[in-house]
Amino acid sequence: MKLRPVVLVLLILCGFYYLSTRWFPTGALAGLMHHEFGLRDGTMTTDISGPLGDFSLTEAHAAPAFDTEEQQNIAVYKRALPSVVNITSTAVVCCDFFLQPVPQQGQGSGFIVDNQGHILTNDHVIDNAQAVEVTLWNKKKFKATVIGVDRVHDLALLQIHGVKDFQPATLSDSNNLVVGQRVYAIGNPFGFSGTMTRGIISAIRSVQLPSGNRIEDAIQTDASVNPGNSGGPLLNSRGEVIGITTMIASNPNGGADQSAGIGFAIPISTAKAVLEDFMRYGRTRRPSLDIVTLPIGPDEAEQIGLPADYGILIERVLPGGAAERAGLHGGNQLAYKGNTQVMLGGDLIVGCDGQGITTPQDLSNALNAHHAGDTVLLTIYRGQQRMNVKVTLSDAKQVVAGQTT
């Protein structure tokens with residue numbers, strides 16, 4: 001009999017609890033009403049009643065494991081980030097209201113290439129700079145010295161001192177890249193350091209830099225790159241450097257230079273050849289034929305009436321250059337390819353040292369296997385006549401934007 005009051009009290013409490021949560025969701029007791037229900041899919045539903053009414057939130061029971069793609073993204077970032085640097089260059093420009101020199105800062109990116117603190121970046125990142133400062137991934141800042149520049153390829157080599165443990169980037173090869181290959185860009189767009197974006201290789205093509213010089217076999221990518229990415233590494237899926245971000249196609253409706261989904265990177269094989277020149281000679285001595293060329297395919301060959309359906313047509317030989325000294329001929333007939341003027345009638349290059357030349361990339365790869373001063377054997381068509389011509393390669397430094405220096 002003594003249990004009856006206890007049972008009665010319990011029934012009253014249960015009834016009160018039921019009425020408070022189901023029929024009176026607001027009020028002083030509403031904030032105390034909190035229910036959690038676990039679901040089979042690993043989520044958890046939480047019911048909360050309060051002054052604003054009932055809320056039902058679905059929350060993850062625990063952080064999910066990263067999928068394979070995410071794991072790869074994270075691995076690339078962790079491997080490459082310690083070698084990527086932020087570069088701030090300070091130049092003095094004239095003038096303020098009182099005609100006094102005014103310092104102007106520019107920002108870009110770069111990456112460490114060896115244990116001696118050498119850093120590769122774009123020439124335009126540090127062009128005309130009176131002072132260059134490098135910030136590492138751990139926020140430590142160092143003054144940098146400009147060791148060498150190659151304006152033809154828009155490359156510059158810097159060096160910093162006072163760092164004990166450098167983490168150099170791993171340099172890959174860019175001669176066998178494939179359109180559709182996944183790539184990653186790490187840099188400092190708009191000053192936001194340590195930013196990674198991802199995309200694919202959209203094309204391999206020749207592009208003209210703002211300086212007027214051309215980069216053969218430039219890597220076109222849809223990975224988002226913006227001002228501040230210049231000089232930073234373009235990476236493959238293993239976190240190895242395959243290119244150096246150098247230029248973007250700006251969005252004309254953006255109001256400022258910003259990504260339009262088309263960016264370009266200098267192939268790392270070109271950069272490695274420039275680095276070798278810096279190490280050997282203290283300056284760049286890239287081999288050059290000193291010619292302006294037009295790639296030829298079957299359609300162009302048929303329209304022009306060429307004896308081969310592939311090759312590199314010489315539009316113009318630069319005065320005093322290697323091609324002119326070897327007796328190669330440029331074009332003498334003005335024509336149009338779309339809206340672009342071209343010169344026809346010049347020699348058609350179809351081989352170099354016994355290897356077929358069908359694209360600008362073939363010719364670039366053949367030249368990059370040599371040094372300035374080396375002699376190569378070009379196979380050409382002059383009119384309908386096939387012949388071999390020996391050419392002693394010149395120093396690319398002597399030619400800037402089609403002008404001899």
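Does the stretch 186-219 hold any residues that are at pLDDT 90 or above, surrounded by 21 or more Cβ atoms within 10 Å (Cβ to Cβ) and within 15 Å of residue 247 (Cβ to Cβ), and which are they?
187, 218, 219 - these are the residues of the stretch 186-219 that are at pLDDT 90 or above, surrounded by 21 or more Cβ atoms within 10 Å (Cβ to Cβ) and within 15 Å of residue 247 (Cβ to Cβ).
Out of the residues in the stretch 353-374 that are of a type outside the set (A, V, I, L, M, F, W, C) and part of a loop (DSSP other than H, G, I, E, B), state the one that is surrounded by the most Cβ atoms within 10 Å (Cβ to Cβ).
Result: 359.
Can you tell me which condition residue 141 does not meet? The list is (1) at pLDDT 90 or above; (2) farther than 19 Å from residue 91 by Cα; (3) of a type outside the set (A, V, I, L, M, F, W, C), and all the others hold.
Among (1) at pLDDT 90 or above; (2) farther than 19 Å from residue 91 by Cα; (3) of a type outside the set (A, V, I, L, M, F, W, C), the lone unmet condition for residue 141 is (2).
When you scan the stretch 303-318, do you find a residue that is in contact with a helix residue (DSSP H, G or I) (Cβ under 9 Å, 6 or more places away or on another chain), under 19 Å from residue 151 (Cβ atoms), in a loop (DSSP other than H, G, I, E, B) and modelled with pLDDT of 90 or more, even just one?
Yes, because at least one residue in the stretch 303-318 is in contact with a helix residue (DSSP H, G or I) (Cβ under 9 Å, 6 or more places away or on another chain), under 19 Å from residue 151 (Cβ atoms), in a loop (DSSP other than H, G, I, E, B) and modelled with pLDDT of 90 or more.
Would you check if there is a residue in the stretch 149-163 being more than 15 Å from residue 271 (Cα to Cα) and at pLDDT below 90?
Within the stretch 149-163, one or more residues are more than 15 Å from residue 271 (Cα to Cα) and at pLDDT below 90.
Since residue 335 meets every condition but one in (1) part of a strand (DSSP E or B); (2) in contact with a Ser or Thr (Cβ under 9 Å, 6 or more places away or on another chain); (3) surrounded by 12 or more Cβ atoms within 10 Å (Cβ to Cβ), which condition does it not meet?
(2)
Could you tell me whether the stretch 287-301 includes any residue that is in a loop (DSSP other than H, G, I, E, B), modelled with pLDDT of 90 or more, out of contact with any Cys (no Cβ under 7 Å at 6 or more places or on another chain) and surrounded by fewer than 23 Cβ atoms within 10 Å (Cβ to Cβ)?
yes
This table checks each residue for (1) over 23 Å from residue 341 (Cβ atoms); (2) hydroxyl-bearing (Ser, Thr, Tyr); (3) in contact (Cβ under 8 Å) with a residue 12 or more places away in the chain.
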residue: 273; (1), (2), (3): yes, no, yes
residue: 278; (1), (2), (3): yes, no, yes
residue: 283; (1), (2), (3): yes, no, yes
residue: 289; (1), (2), (3): no, no, yes
residue: 307; (1), (2), (3): yes, no, yes
residue: 310; (1), (2), (3): no, yes, yes
residue: 313; (1), (2), (3): no, no, yes
residue: 318; (1), (2), (3): no, no, yes
residue: 322; (1), (2), (3): yes, no, yes
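The values are calculated or read from the model by the stated rules, or taken from the named source; none is laboratory data. Owing to the predicted nature of the structure, the values given are computational and were not obtained by experimental measurement. Positions of Cβ are backbone-derived with ideal geometry, glycine not excepted, and every protein chain shown enters the neighbour counts.
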